[in-house]
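Undergrad: One structure is given below, represented as structure tokens, and several questions about it will come after.
The values are calculated or read from the model by the stated rules, or taken from the named source; none is laboratory data. Source: prediction; values computed, not measured. Heads up, the Cβs are rebuilt from the backbone with ideal geometry, glycines too, and the neighbour counts pull from every protein chain shown.
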């Protein structure tokens, strides 16, 4: 099994973001204290992408990212490929200033619920983490569990989705996004995630 991500890669949600998301998704984790009954969703300009909750809208240009090892996702043009020090096997992209990071990973022999439980336990033990919560959700139609929290030391937020592999439910994908508040709309890129099999089918369709 690949090594779980280091502490700098944690899933997280802003207080205001969580309120909008959980208001729309009635199956969110009941332990989340930030749920609300009202949500005001932003307008989506033509050509923009939006996340599953409708809360985050990204309007910038994108390029195809990802690989056959860890899945595929579209990332903003200008994001650079890199590998976090001390962790192998990840597919990662970062903004030019390094404050926003997108990470893909895949786990063989571990279903998405097991992976989510492992990450939750790890985050609960970290004193630098606050506002840890979770939700049942979907990512581009795939079953997923989401964890979110906030780091006290640098003020960063992070989302992490543990995604079921429909081709083999005993395997799972991991998608994570680390960002500052002003860059929160990067979350919309999650809606472009595809498994290896589905990406290959899309390429065949476009080629045909």
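Undergrad: Just wondering, is there one or more residues in the range 176-193 that are in a loop (DSSP other than H, G, I, E, B), out of contact with any strand residue (DSSP E or B) (no Cβ under 8 Å at 6 or more places or on another chain) and without any contact (Cβ under 8 Å) to a residue 40 or more places away in the chain?
TA: no
Undergrad: Take the range 100-152 and flag every residue that is part of a loop (DSSP other than H, G, I, E, B) and out of contact with any helix residue (DSSP H, G or I) (no Cβ under 7 Å at 6 or more places or on another chain).
TA: Across the range 100-152, the qualifying residues are 108, 109, 110, 111, 125, 126, 127, 128, 141, 152.
Undergrad: Answer yes or no as to whether residue 111 is touching a strand residue (DSSP E or B) at 6+ places or on another chain (Cβ under 7 Å), in contact (Cβ under 8 Å) with a residue 40 or more places away in the chain and surrounded by fewer than 21 Cβ atoms within 10 Å (Cβ to Cβ).
TA: Criteria met by residue 111.
Undergrad: Still on this structure: Collect the residues in the range 76-105 that are at positive phi and surrounded by 11 or more Cβ atoms within 10 Å (Cβ to Cβ), keeping them in residue-number order.
TA: 78, 89
Undergrad: Return only the number of the condition from (1) within 19 Å of residue 53 (Cβ to Cβ); (2) without any contact (Cβ under 8 Å) to a residue 40 or more places away in the chain that residue 137 does not satisfy.
TA: Among (1) within 19 Å of residue 53 (Cβ to Cβ); (2) without any contact (Cβ under 8 Å) to a residue 40 or more places away in the chain, residue 137 violates only (2).
Undergrad: Is it fair to say residue 119 is crowded, with 21+ Cβ neighbours inside 10 Å, closer than 18 Å to residue 84 by Cβ and in contact with a strand residue (DSSP E or B) (Cβ under 9 Å, 6 or more places away or on another chain)?
TA: yes
Undergrad: Go through the range 45-70 residue by residue and tally those that are surrounded by 15 or more Cβ atoms within 10 Å (Cβ to Cβ), free of Cβ contacts under 8 Å to residues at least 40 places away in the same chain and out of contact with any helix residue (DSSP H, G or I) (no Cβ under 8 Å at 6 or more places or on another chain).
TA: Residues flagged as surrounded by 15 or more Cβ atoms within 10 Å (Cβ to Cβ), free of Cβ contacts under 8 Å to residues at least 40 places away in the same chain and out of contact with any helix residue (DSSP H, G or I) (no Cβ under 8 Å at 6 or more places or on another chain) within the range 45-70 amount to 1.
Undergrad: So for the range 110-125 (the condition being modelled with pLDDT of 90 or more and at positive phi), does at least one residue qualify?
TA: no
Undergrad: Answer with yes or no whether residue 129 is closer than 16 Å to residue 74 by Cα, over 13 Å from the mean Cα position of the chain (by Cα) and touching a residue at least 24 places away in the same chain (Cβ under 8 Å).
TA: no
Undergrad: Oh, and also: State all residues of the range 164-208 that are over 21 Å from residue 53 (Cα atoms) and either surrounded by 23 or more Cβ atoms within 10 Å (Cβ to Cβ) or touching a helix residue (DSSP H, G or I) at 6+ places or on another chain (Cβ under 7 Å) (or both); if no residue qualifies, say none.
TA: 167, 172
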